[in-house]
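Participant: Starting off with a structure, shown below.
The values are calculated or read from the model by the stated rules, or taken from the named source; none is laboratory data. Just so it is clear, the model here is predicted, and its values are computed rather than measured. A quick note on method: Cβ atoms are made from the backbone with ideal geometry, for glycine too, and the neighbour counts reach across all protein chains shown. These accessible areas exclude ligands, DNA and RNA; they are computed on the full protein's heavy atoms, side chains included. Shrake-Rupley method; radii C 1.70, N 1.55, O 1.52, S 1.80 Å.
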Amino acid sequence: MSNRNKNRKGRRRIRRPEDIIREIDEMAELADFEEKPAEKEAEEIAEAVETAEDITADEVEDIGETAEDTAEEDAEETVEETAEETVEETAEDAEEISEDAEETDEASAEEISERSEDDHFAAPVQEFLEKAVEEPAEEPEEEDIPERRPVREKPRKKKHKQSSQKKRSAPPRDEAELARKSIKHTRTGGIPDEEPRRRRRKPEHVAPTPEEIRDARHREKKKRQIRTIAAVLIVAVFAGGAYLMRGKWVPKLESVLYRPKETIVNDGEVKKGNFPLSFDDGAVSSISNTGSYLLCLDKNQLKFYDSDGEESNSFSHNYADPVMRTSDKRVLLYDKGGSSLMVVGRKSEMFTKSVKNRLIMAELAPNDNVAVVTSDEKYAGILTVYDGNGREIYKWSSSSAVLSVTFDESGSGCFVTTYSSKGGMLNSVVRYLVFDSEDPEMVSEPLPVLALQAMKNESGDIWVAGDTAFYRLDSRGKILTTYKYEGMISDFAMSSSCAAVVLEGIRRSSSELLIFDSSTENDQPDKRVKESDGTPERLKISGSKIVLLKENSIDCYDRFGNLDATAECSSDYSDFVYFDDSVYFCDYREVNKISFAT
């Protein structure tokens, strides 16, 4: 059964034009017994034609409404076919009706002529009709013609008119193919115009073999290793570049982080109470500190004082020229030019030593090791190292005189500077000695200066403060940079982070402070500070602070050359020590204290 027959199935029965015309003919036969003029019959025929046209139009509208309820494609086909058939039938019916009308007009004319000729036949017929009127016979029952229901007008909606596209005619199909496709697509309601897309079959999952699994894991592991190595190389290259260029970007960064701040001007007022500390028996040779205790050394005793000036302990000595060296917990006293030394703590004496030869100098390490330099007829310099209990752990001899000994941070090695004269030229050599080895680990190039001190900085280079120049050496003792002083050196101080040298100015009561930073590789000092308010006396470094004692004042600088604090002081002071925001001054017979906030 085609879609057209399916859509027409169940449709209500509508009177067709043939039925209407047939009914009109039957009514005309019944009315033949009456006398009707030709013009009236023509009008009735015209009305019948109009009625047929109206019925045809109504039928087309009903067909259109029924087609809208079905699918769009079936509705279009049904409307087109029905419209074509209706138009054809209507045209044929109209032609037949016009022919019948002409025949009726001719028959009416002939009847009129016959009536005029045969009048004598009219009387009996007239009588028969009159009787029929007076005695009406039984009228035949009229057929119940169902009235045409008025067509309900649908509300008109404004729709966007789209240009109707001509339906493409599908190519002819074989009946067997149509039957197969109609069975295949019964769920969709018919045969589609286009072939449906075929779905690709997914390949069946095949379990990998153990070898394939191992290969996949090996490839993934290799990829991870490559990524890790690449990341490490990138970080290493970046870090190496940053380290090599540190001389350019570190000072700029530090200048931003450590901007100059307002200088603190302390009043310089001497504290009262137990201060000043007086020494009537003898002159004060030096002052220092260990932890939070103030140390005062005179010709007879070493005394410990707290921050309020209260004496907490004292040790007697009989040295002709006593010299003091300190660490965080211990104090070393030795007789310069003599043969005795002793090490004491805050509360008791640790040990004493007597050497055979003349004692030139001694140093105390952070781990309580003690280095003693002596000389004899054979060697100009003999270095002997003792541990914290006084046992000898190392000995080294040199034909050159020893100028300085500086322990490294661990106390397991030290830098030794020596000097000698060859051909009228004075040269110094720096050596790094490790107490586990007999031979020096590093020997520097000859330096044409008196090397006053050498030490290792935070960058791994070696600083050498000479009497006429400042050097920077690499770990093998090769000269990296040299800076010659433009004046006479007054004092110097060094730490692992920075080094400072103060020079006497050309003019009277002037000075120049040179600051070298361990993070740079400049040939010149990183900072220069020129002053003209007093002759420099002493220079010390405490932590990150550089403290300079001048003729009439004391100044504190940071390692970028910024003046943090200053205070006025007496010109009689020859030495000082700074800790716990206080400065302790000493002159020939007394010690004073002032508050010094930085």
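Participant: At a probe radius of 1.4 Å, what is the per-residue accessible area of Lys527, in Å² to the nearest 10?
Facilitator: The accessible area comes out at roughly 80 Å².
Participant: Shape of the stretch 447-598 from its Cα gyration tensor (a ≥ b ≥ c, root eigenvalues): rounded if a/c is under 1.5, otherwise prolate when a/b > b/c, or oblate?
Facilitator: Details: a/c = 2.03, a/b = 1.66, b/c = 1.22.
The shape class here is prolate.
Participant: Could you compute how much accessible surface Arg224 exposes when probed at 1.4 Å, giving the result in Å² to the nearest 10?
Facilitator: 120
Participant: A further question on this structure: Got a sec? What order do Thr51, Thr290 fall in by accessible area at 1.4 Å, biggest, i.e. largest, first?
Facilitator: Reading off the accessible areas and sorting them downward yields Thr51, Thr290.
Participant: Leaving ligands, DNA and RNA out of it, rank Lys347, Lys221 by accessible area with a 1.4 Å probe, largest first.
Facilitator: Result of the area sort, largest leading: Lys347, Lys221.
Participant: Determine the share of the stretch 420-499's accessible area contributed by carbon and sulfur atoms, expressed in whole percent, with a 1.4 angstrom probe.
Facilitator: Within the stretch 420-499, the accessible surface is 48 percent carbon and sulfur.
Participant: Protein chains only, probe 1.4 Å: how do Lys550, Lys484 rank by accessible area, largest first?
Facilitator: Of Lys550, Lys484, the descending order of accessible area is Lys484, Lys550.
Participant: Skipping prolines and chain starts, which residues have an amide H placed within reach, meaning under 5 Å, of the one on Ser553, given they are 5 or more residues away or on another chain?
Facilitator: Cys569
Participant: Please work out the average accessible area per residue across the stretch 384-521, using the 1.4 Å probe convention, and give it in Å². Let's see the in-between values first.
Facilitator: Values: 6150 Å² over 138 residues.
Dividing the accessible area of the stretch 384-521 by its residue count gives 45 Å².
Participant: Additional query: Within the accessible area of the stretch 539-589, what % is carbon and sulfur when the probe is 1.4 Å and the other protein chains stay in place?
Facilitator: C and S fraction of accessible area: 40 percent.
Participant: If you don't mind, there's one more thing I want to ask. Report Phe275's accessible area, 1.4 Å probe, all protein chains in place, as a number in Å² to the nearest 10.
Facilitator: 10
Participant: Same structure, new question: Could you check the simple spin-label distance between Met425 and Lys271, using points 7 Å along Cα→Cβ, in nm with one decimal?
Facilitator: Distance between the two pseudo-spin positions: 5.3 nm.
Participant: Rolling a 1.4 Å sphere over the protein heavy atoms, what is the accessible area per residue of the stretch 332-374, to the nearest Å²?
Facilitator: 43
Participant: Hey, got a sec? Which GluC sites (Glu not before Pro) in the stretch 516-590 land in a DSSP loop and have at most 16 other Cβ atoms within 10 Å? It would help to have the intermediate numbers written out before the result.
Facilitator: On the way: sites: Glu521, Glu531, Glu537, Glu551, Glu568, Glu590; in loops: Glu521, Glu551.
Those that pass, being in a loop and sparsely packed, are Glu521, Glu551.
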